[in-house]
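Derivation of every value follows stated rules applied to the coordinates shown; laboratory data play no part. In this text the structure is predicted, and so the values were computed from the model without any measurement. Neighbour counts run over all protein chains shown; Cβ positions are idealised from the backbone, glycine included.
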């Protein structure tokens, strides 16, 4: 039987609170960047330089526009699935070591930002357009940066670092 003391010692310890603050910082940084684009973006493209533009697009799929659909049932299923994955990552991170907590926090913070958009707007605003000449990478947002960094470092750590 789990007691309130167990919850306090395992969930609400100092270390987990620090990572909760990191998650919230990433979430609010993502919200701020998207609000700035949504409130101040009047052109279809905003030229920054030869390699970087702002180009607002609405993504109904998952990362990089994969599984984009107009069908509500599929969209809602994907959104619920993402919410469940976020909860599972939160639970796993509570018992993880400090390095994994940091990486999970990057992923969770970004995922919460995109999850919020999926629920609020029924799509995720992507606006960062990185390109070279006519080759354009997938348009992405600040949340995607943190998700990608967290996953990349987590996989790299799993492959290259011996426990």
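Values computed for the structure shown
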item	result
Mean residue ellipticity (222 nm) of the chain, computed from DSSP H runs ≥ 4 via -39,500 (n - 2.57), nearest 500	-21500 deg cm²/dmol
Simple label model, 7 Å out from Cα along Cβ direction - residue 138 to residue 74, nm	1.6 nm
Ordering of 23-29, 77-83 by burial proxy (mean other Cβ atoms within 10 Å per residue, highest first)	23-29, 77-83
Spin-label model distance (nm) - residue 91 vs residue 31, 7 Å beyond Cα toward Cβ	2.6 nm
Region 4-160 - percent relative contact order, Cα under 8 Å, separation 6 or more	31 percent
Residue 40-residue 160 FRET efficiency (beta carbon distance; Förster radius 45 Å; 0.05 resolution)	0.60
Rg(Cα) / (2.2 N^0.38 Å) computed for the chain, rounded to two decimals	1.16
